[in-house]
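What follows is calculated from the coordinates using simple rules that are stated; it is not laboratory data. Please read all numbers here as calculations on a predicted model, not as lab measurements. Please note: Cβ atoms are built from the backbone with ideal geometry, for glycine as well, and neighbour counts cover all protein chains shown.
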Amino acid sequence: MRARAMRLIILAGALLLVTLARHLLVAPPAVDPDHPFDTARVMESLTRVLGDDLPHMIDSDQSDIVIERWLREIRDAGFTPEVDDAFHCNVSWGTVCGRVRNIGFWVGAPGDNAIMLASHHDSVAAGPGAADDGMGVAASIEIARHYAEHDRPRPIYVLITDGEEIGLLGASRFVAHSPVAPRIGAVISLEARGNRGTATMFETSRPNGRDVHSLHPSGTLRPLSNSMAADIYEMMPNGSDVTEYLALPIDAANFSMIGRYAHYHSPQDTVANLSPRSVFHVGASAMGAVEGFMAVGANGAEGSKIYSDTLRRGVVTLPSWTRWPVLGLALVLCGAAALRQSEGRWRALIAPPIMLAAGIAAAIVAAIVIAAIRPEASYGLSHPWALRGLYCTAALLAAFAVARWLYRPSGRRAALPGAWVWVIAIGLIAAKLLPGASIMFVVPGGFAAIGAMWMLAGRGRAGGWFFAAATVVFLLLTQPLIPLAEDALFIEVSAPFVLFTLIALITALPLIWHKPGGSRPVIAGLAIATLGFGIAAALVPAYTAEHPQNVTLVHFAGDGIDGSHYRIDRDRGEPLPDAMTETAPFAKSDAEGASWPLRVASAPPMRRDAVETEIMETGNETQDGISIRLRSSDTDRLGLRLLLREEGENISYADDSLARIMSVGGFALPDDGAQRISCMGRSCRDITLIVTPIPDTTLRIDDIAYGLEPQSTALLNTRPVEATPRQWGDRRTLRRYVPLPSE
């Protein structure tokens, strides 16, 4: 009995240890000073260009400085850059307009079927963008420098776009207008979501056969890669420049470092906070992808693949179609092996799904309880280990409790294939909904099928070894992916990922639990551990200087507003720092123009002048409509929206009969125009619109300038280091409503 209890305790402890330490499995490698990718030179370049830690948004004064610095770096590396300077609008992500300055250069002679290294040089208003995406620019130049000294089976082109942060503006411009675009055969994009973490290939083209081949060169470092991650990213509303490039008939590999999300799009995205190990891993992986694309060429074997790296030691790749016959055969063989056993076969088939359901439910309930206790929006940001431990121990506790009730060790020869029946059934569901996820089930499913064949042949011991191998392979393929999912989707909502730990449990349990008894100590230990992790998750600080809270202030004033007020941008209702609320008592309010109640506080009068609006003409030689000129002195961003005036001057936001903006700054919008646009940068300080003449239409103008005025200094000084602005940062917004003539 004591030995059985010890085996169960060791199994539970091992699964908990894997859960708490699996992020170490995907830690970026140490910088190799002998690798062709010179990380030290990349960091020195970043320091020269971005060392002043200032944001450089599209079409800003600081952007001028950063562009000139990058051009100097490119010329010093021996290349001849060209700048495409144009006003452009992208309608793929709303309608976003602005002046973009894309930088491009060839590595050697131009040519067709080129491999393009892609990055972007602009940042958000809140941060200097050392990782996102100064790292990508500097790494691209370093890779270009390497290949300038070597023979190249395919041409290489380097593109550094502008306006990625506001809506993929530079990439849209390149695809629509660059004469180089038709010459590109493959793109390798270098991005960042945070300023540390492992390099990840999270997006490919479709089909992906040649893209996956880029992971295979021998002697190169590889990124973390998994076809399920690519499928999930494709379903998400996010986008990167690659989203635009995929309009071209090209192969694609999108790389990013993913880690320390709290520094993403924030003032902490500096060169000093950037991990050289992560830079090395992204750059070396991209260099390996160049080798891969050169080897395969544009006419290499294509097709749809499912794939997964194995701790960056290799890549398992299979044709996508193999998921159906392999999983189908495994299901039949495991089902036959389970049903053939006379003892405990029905319990063997019933217990696994109940254990899985109970474990997942327990983890989700634990997450709900902690969410109800914690008032913060990102309470797991600074101490994710507490939530990881809580989800794991709660799930294991529930699963072991079910096992104590339902599972019969004497029927273990049925329990092994019976557990895999349900694992493979989950794999078949995944194969239908997310084809890329099937790689995590096909390979271990193959081992399970062999184990089932041995059992059907009466060789239970040999079958057990193959079932054990199936569990190990499943852990090897799934565990490195979970830290990526936690970083991308946030730890607070990651409780369902315990499914992968529970699958390891139900497939390993029959291998070590041969006789009844011994489960009471492990259940008691898991109950104590669940309580301990729960207390920790409820009490650990949500925010620290390294993982700060998002507190972004908007000074808001305008038509229909009584005075000025401060708003909390992207207000999620969490407590604000005490020192800030003592200086400016924020309270919920139905603020004008907001779709939900916001917390606001009174603010000093704003000193900005509103945008001047001039109705120029009604129609021109090429397009009917009202020509409206907008002028301002310090605008960084214009938000323009056409609304419908109704009786009593009420404003309607949802009327498809509204007028349309047909042209912005001379750029004719496609199709039937837009009702809502954003115009970014200095070019928007004197801009002309052409609007179709529909009666009773109002133009709403949000005139935005980044940063707060000196009279807000007292409030800013109360914001602690555990809180920081994010994304577009602190800003001033003046709102105006301008009625438009109908003709």
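Taking amide H as placed 1.01 Å from N in the peptide plane, I156 has its amide H under 5 Å from the amide H of V107, I115, each at least 5 places away in sequence or on another chain. Using the Cβ-Cβ distance between E612 and R404 with R0 set to 51 Å, the FRET efficiency from 1/(1 + (r/R0)^6) comes to roughly 0.10. Remark: the Cα gyration tensor places segment 272-412 in the oblate category, a/c being 1.5 or greater and a/b not exceeding b/c. Evaluating 6.51 cos²θ - 1.76 cosθ + 1.60 at θ = phi - 60° for every residue in segment 420-427, the Karplus couplings come out as 6, 4, 6, 4, 5, 4, 4, x Hz, glycine and proline recorded as x. In a simple Cβ point-charge model (Lys, Arg +1; Asp, Glu -1; nothing else charged), segment 549-603 has a dipole of about 140 debye relative to its Cα centre.
Fewest-first ordering of S633, S178, S225 by other beta carbons within 10 Å of each residue's beta carbon gives S633, S178, S225. With a simple spin-label model that places each label point 7 Å from the Cα along the Cα-to-Cβ direction, the separation between A272 and H514 comes to 6.1 nm. Between I9 and A336, full extension at 0.36 nm per residue minus the direct alpha carbon distance yields a gain of 114.6 nm.
When the helices of the chain are scored as -39500 (n - 2.57) per DSSP H run of n ≥ 4 and the total is divided over every residue, the value at 222 nm lands at -13000 deg cm²/dmol. Remark: segment 440-457, residue by residue, has Karplus-estimated 3J(HN,Hα) of 6, 10, 5, 5, x, x, x, 5, 5, 4, 5, x, 5, 5, 4, 5, 5, 8 Hz, where x stands for each Gly or Pro and the curve is 6.51 cos²θ - 1.76 cosθ + 1.60 at θ = phi - 60°. For P(r) over Cα pairs in 20 Å bins from 0, in percent, computed directly from the structure shown, the correct entry in (i) 16, 42, 28, 12, 2, 0; (ii) 16, 42, 33, 9, 0; (iii) 17, 48, 27, 7, 0 is (ii). With 0.36 nm allotted per residue and the present C-alpha distance subtracted, the L531-E68 stretch has 161.0 nm of extension available. I want the local charge near L71. Using Cβ-Cβ distances under 14 Å, sum +1 for each Lys or Arg and -1 for each Asp or Glu among the other residues. Here the count lands on -3. Based on Cα contacts under 8 Å between residues 6+ apart, segment 238-382 shows a relative contact order of 11 percent. 3J(HN,Hα) couplings calculated from phi for segment 396-408 with the Karplus curve 6.51 cos²θ - 1.76 cosθ + 1.60 (θ = phi - 60°) are, in sequence order, 5, 4, 5, 5, 5, 4, 5, 4, 4, 7, 9, 6, 10 Hz; Gly and Pro show x.
In terms of its C-alpha gyration tensor, segment 453-582 has a prolate overall shape, because the principal axis ratio a/c (a ≥ b ≥ c, square roots of the eigenvalues) is not below 1.5 and a/b outweighs b/c. Of P585, H565, N550, which is farthest along the charge dipole of segment 549-603 in the positive direction, counting Lys and Arg as +1 and Asp and Glu as -1 at C-beta? Of the options given, the answer is N550. Can you tell me the 0 to 90 degree angle between the C-alpha axis of helix 323-340 and the longest principal axis of the chain, rounded to 10? Orientation of helix 323-340: about 30 degrees from the principal axis. Put a plus charge on the Cβ of each Lys and Arg, a minus charge on the Cβ of each Asp and Glu, and nothing anywhere else: the dipole of the chain about its Cα centre is then about 5260 debye.
Within the shell defined by Cβ-Cβ distances under 11 Å, the residues around Y245 carry a net charge of -4, with Lys and Arg each +1 and Asp and Glu each -1.
Contact order, relative form, for the chain: 14 percent (alpha carbon pairs under 8 Å, 6 or more residues apart, mean separation divided by residue count). Site pair T688 and D151 shows an inter-label distance of 5.7 nm when each label is modelled 7 Å from Cα along Cα→Cβ. Calculated FRET efficiency, S589 and E302, Cβ-Cβ r, R0 51 Å, to nearest 0.05? That pair, S589 with E302, gives E of 0.35. Listed peptides 133-146, 6-19, 42-55, 500-513 appear in the order 133-146, 500-513, 42-55, 6-19 once ranked by packing, highest mean of other Cβ atoms within 10 Å at the front. Within the shell of other residues whose beta carbon sits under 14 angstrom from the beta carbon of R2, the net charge comes to +4, with Lys and Arg scored +1 and Asp and Glu -1.
Sparse packing (at most 15 other Cβ atoms within 10 Å of the Cβ) combined with a DSSP loop state is found for the following GluC sites (Glu not before Pro) in segment 480-571: E546.
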